[in-house]
Amino acid sequence: EQKPVEDKKCVSTDTRYVKAGNGSTFRITLKNDCEQRLRCTVRAYHVDSSGPHTGKGTLTLGPKSKGAQASKDFVMKVGDMGGSANISHACKTI
């Protein structure tokens, strides 16, 4: 019996903290590695010494061949430049 072939994952993620003026932000970058246009919902839950922070956003990613349009950032304010974060995203072809 053959196993079904898994679909190639089209979206890669990268997370980082960024200093913004006197505050801090948590940045989630989604990058489309396929040739279809995608609409992605991003959810984040971040906990640091100042407490929990939540965020949700929608990003539209262009196809890989469009260069910069294939990568978008979701940015949320946080209290500190560190902590623990859980993130998820769900994408659909548009």
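When you scan the range 56-69, how many residues do you find that are in contact with a Cys (Cβ under 9 Å, 6 or more places away or on another chain), surrounded by 16 or more Cβ atoms within 10 Å (Cβ to Cβ) and more than 12 Å from Ile28 (Cα to Cα)? Looking only at that region, the number is 3.
Scanning the range 21-38 for residues that are open to solvent by 50 Å² or more (accessible area, probe 1.4 Å), more than 29 Å from Thr93 (Cβ to Cβ) and assigned to a strand (DSSP E or B) turns up nothing. Quick one: would you say Ser88 is touching a residue at least 24 places away in the same chain (Cβ under 8 Å), touching a strand residue (DSSP E or B) at 6+ places or on another chain (Cβ under 6 Å) and polar (S, T, N, Q)? It is true that Ser88 is touching a residue at least 24 places away in the same chain (Cβ under 8 Å), touching a strand residue (DSSP E or B) at 6+ places or on another chain (Cβ under 6 Å) and polar (S, T, N, Q).
When restricted to residues that are closer than 23 Å to Cys10 by Cα and open to solvent by 40 Å² or more (accessible area, probe 1.4 Å), the range 70-80 contains 4.
The values are calculated or read from the model by the stated rules, or taken from the named source; none is laboratory data. Fair warning: this is a prediction, and the values are worked out from it, not measured in the lab. Every residue, glycine as well, gets a Cβ built from its backbone with ideal geometry; the counts of neighbours run over all protein chains shown. Please note that ligands, DNA and RNA were not included when accessible areas were found on the heavy atoms of the full protein model with its side chains. Shrake-Rupley method; radii C 1.70, N 1.55, O 1.52, S 1.80 Å.
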